[in-house]
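**Q** Before I ask anything, let me first share the structure, which is written out below as structure tokens.
The values are calculated or read from the model by the stated rules, or taken from the named source; none is laboratory data. A quick note: this is a predicted structure, and the numbers were derived from the prediction, not measured. Note: ideal-geometry Cβ built from the backbone for every residue, glycine included; neighbour counts use all protein chains shown.
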């Protein structure tokens, strides 16, 4: 993979050249020190990539000459992460790691034990920040698909409205939670295939409350253990997504 990746939204599906925004130009030329003649991969975050040559190394409006375009395939499965909001900057890290793992969608949730509550203005700024984090991670790891980040919503309401998933999982510390391998094996036995659309909920510090866990079970979520140790929420999210992605890739 070439060293340089940039985000773009060309007006045409088959552009002959691409002029980058000021931010993308500055990052490419001033930060990454790309020079005229270098190969640059431009992508739109929706699976389209253009292999380009940097023809004008302007820090404010770099110009790329398109050599050829290509449409990248999505993973054969789609993972949605419903993440209860953690304190501090941990959500930024979760978004980055989820992007690297290939998560398709991230839904920030306010649960009963969530200590972070965002009003309209703060929510918009946070979502914009998370979208930037996802984009930066996609550039770094070569993911041609930038995950969708939905508005913050109530955990219970999201559980009740979650539709269209083959499998709905919730990370659980409670007795009786089963291993992911066992849950996937049961699904494969019953459905004669592996799940293609999976939703996984991860709680906040202190986990989801018993009432929320009860709601999840009534809404068809399967409690899954992440092992005998109590993980920080950001660790739990990365661990949960990693093992699920690995199992689905090797199903």
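**Q** Give me the residue from segment 67-100 that is in a helix (DSSP H, G or I) and out of contact with any strand residue (DSSP E or B) (no Cβ under 8 Å at 6 or more places or on another chain) and, out of that set, surrounded by the fewest Cβ atoms within 10 Å (Cβ to Cβ). Show your work before the answer.
**A** Initially, segment 67-100 is screened for residues in a helix (DSSP H, G or I), giving 90-100.
So of that shortlist, the ones also out of contact with any strand residue (DSSP E or B) (no Cβ under 8 Å at 6 or more places or on another chain) come out as 90, 92-93, 96-97, 99-100.
Numbers: 90: 18, 92: 19, 93: 16, 96: 19, 97: 21, 99: 25, 100: 18.
This residue is 93.
**Q** Which ones in segment 214-233 are buried (at least 20 other Cβ atoms within 10 Å of the Cβ) and either part of a helix (DSSP H, G or I) or in contact (Cβ under 8 Å) with a residue 60 or more places away in the chain (or both)?
**A** Across segment 214-233, the qualifying residues are 216, 221, 233.
**Q** Looking at 204, 195, 223, can you tell me which residue is within 26 Å of residue 47 (Cβ to Cβ) and under 22 Å from the mean Cα position of the chain (by Cα)?
**A** Working: 204 fails: within 26 Å of residue 47 (Cβ to Cβ); 223 fails: within 26 Å of residue 47 (Cβ to Cβ).
So the residue among 204, 195, 223 that is within 26 Å of residue 47 (Cβ to Cβ) and under 22 Å from the mean Cα position of the chain (by Cα) is 195.
**Q** Further question on the same structure: Being without any contact (Cβ under 8 Å) to a residue 12 or more places away in the chain, under 20 Å from the mean Cα position of the chain (by Cα), part of a loop (DSSP other than H, G, I, E, B) and assigned by TED's automatic domain parsing to the domain that holds residue 99, is that true of even one residue in segment 155-174?
**A** Yes, the conditions are met somewhere in segment 155-174.
**Q** Residue under question is residue 122, and the condition is that it be loosely packed, with under 14 Cβ neighbours inside 10 Å and assigned to a helix (DSSP H, G or I); does it hold? Lay out the reasoning, then the answer.
**A** Working: loosely packed, with under 14 Cβ neighbours inside 10 Å: yes; assigned to a helix (DSSP H, G or I): yes.
Considered against the rule, which asks whether it is loosely packed, with under 14 Cβ neighbours inside 10 Å and assigned to a helix (DSSP H, G or I), residue 122 comes out as yes.
Okay, residues lined up against (1) at pLDDT below 95; (2) assigned by TED's automatic domain parsing to the domain that holds residue 239; (3) out of contact with any helix residue (DSSP H, G or I) (no Cβ under 8 Å at 6 or more places or on another chain):
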site	(1), (2), (3)
95	no, yes, no
117	yes, yes, yes
121	yes, yes, yes
127	yes, yes, yes
137	no, yes, no
151	yes, yes, no
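**Q** While we're looking at this one, here's another question. Please determine, by comparing only the residues of segment 22-54 that are part of a loop (DSSP other than H, G, I, E, B) and in contact (Cβ under 8 Å) with a residue 24 or more places away in the chain, which one is farthest from residue 69 (Cα to Cα).
**A** Within segment 22-54, the subset part of a loop (DSSP other than H, G, I, E, B) is 32-38, 44-45, 47.
Of the ones still in play, those that are also in contact (Cβ under 8 Å) with a residue 24 or more places away in the chain are 32, 34, 38, 44-45, 47.
Numbers: 32: 23, 34: 20, 38: 17, 44: 11, 45: 14, 47: 11 Å.
The extreme case among them is 32.
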